[in-house]
Amino acid sequence: VGKVRHDQRALEALARADGLTGLFNRRAFEAALEVECARARRSRSPLSVAYLDIDHFKRINSQAGHAAGDQVLRQLALAIGEAIRAHVDGGFRLGGDEFALLLPSSTKEQTEVVVARIRSFCTDRDPLWAVGAIDISAGVVEFDPDETPQELLRRSDAAMYLQKESRRPSRV
């Protein structure tokens, strides 16, 4: 019975983890988002979400190969792990080159500082980040107790796309 329980827990952990980066996956994010929104609503404490997308990731994959792309994803995951509070915050790979941060008891401003630390970590350690070949766009929003977790996620995704668009050179 003990071995079966152990194996069951191991399978459950695998179902929540991203194999490449070691971060939690989208399924784990959606479950954690529900829990943390309910907790923030109940305790009236801040909760922030950052939706991250790697800029120019497809170009890295096509020009430098998928191994280089995988390294970029692992580098960002490592940066996330270094920047967030262990056993409090959550770092998630949602799929492809999209990531999310879930930061309980954190304001939007505090979360923006975390995102800046992630950028700095990557820039200091990886030449692709240092020369500006890649960067991240981040949509950082703070939870409104009147919204659903899905609405919070939609707002962070929309904020990320606004930042991405604002950083693209204008076409004249």
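Miscellaneous remarks
- Looking at the stretch 60-131, the helices (runs of 4 or more DSSP H) lying wholly inside it that each contain 3 or more residues that are β-branched (Val, Ile, Thr) and either buried (at least 19 other Cβ atoms within 10 Å of the Cβ) or in contact with a Leu (Cβ under 9 Å, 6 or more places away or on another chain) (or both) sit at 108-125.
Table: residues versus (1) farther than 20 Å from Arg26 by Cβ; (2) free of Cβ contacts under 8 Å to residues at least 60 places away in the same chain.
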residue: Ala133; (1), (2): yes, no
residue: Ser137; (1), (2): no, no
residue: Asp144; (1), (2): yes, yes
residue: Thr148; (1), (2): no, no
residue: Leu153; (1), (2): no, no
residue: Arg167; (1), (2): yes, no
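- Condition met for Ala77 (under 15 Å from Phe29 (Cβ atoms) and either touching a helix residue (DSSP H, G or I) at 6+ places or on another chain (Cβ under 7 Å) or not acidic (Asp, Glu) (or both)): yes
- Given (1) modelled with pLDDT of 95 or more; (2) more than 14 Å from the chain's Cα centre (by Cα); (3) hydrophobic (A, V, I, L, M, F, W, C); (4) not in a helix (DSSP H, G or I), index of the condition Ala158 fails: (4)
- Annotation: of all residues in the stretch 29-59 being under 19 Å from Ala77 (Cβ atoms) and not aliphatic (A, V, I, L, M), the one that is surrounded by the fewest Cβ atoms within 10 Å (Cβ to Cβ) is Lys58.
The values are calculated or read from the model by the stated rules, or taken from the named source; none is laboratory data. Quantities reported herein were computed from a predicted structural model and do not represent experimental measurements. FYI the Cβ positions are ideal-geometry reconstructions off the backbone, even for glycines, and counts take in every protein chain you see.
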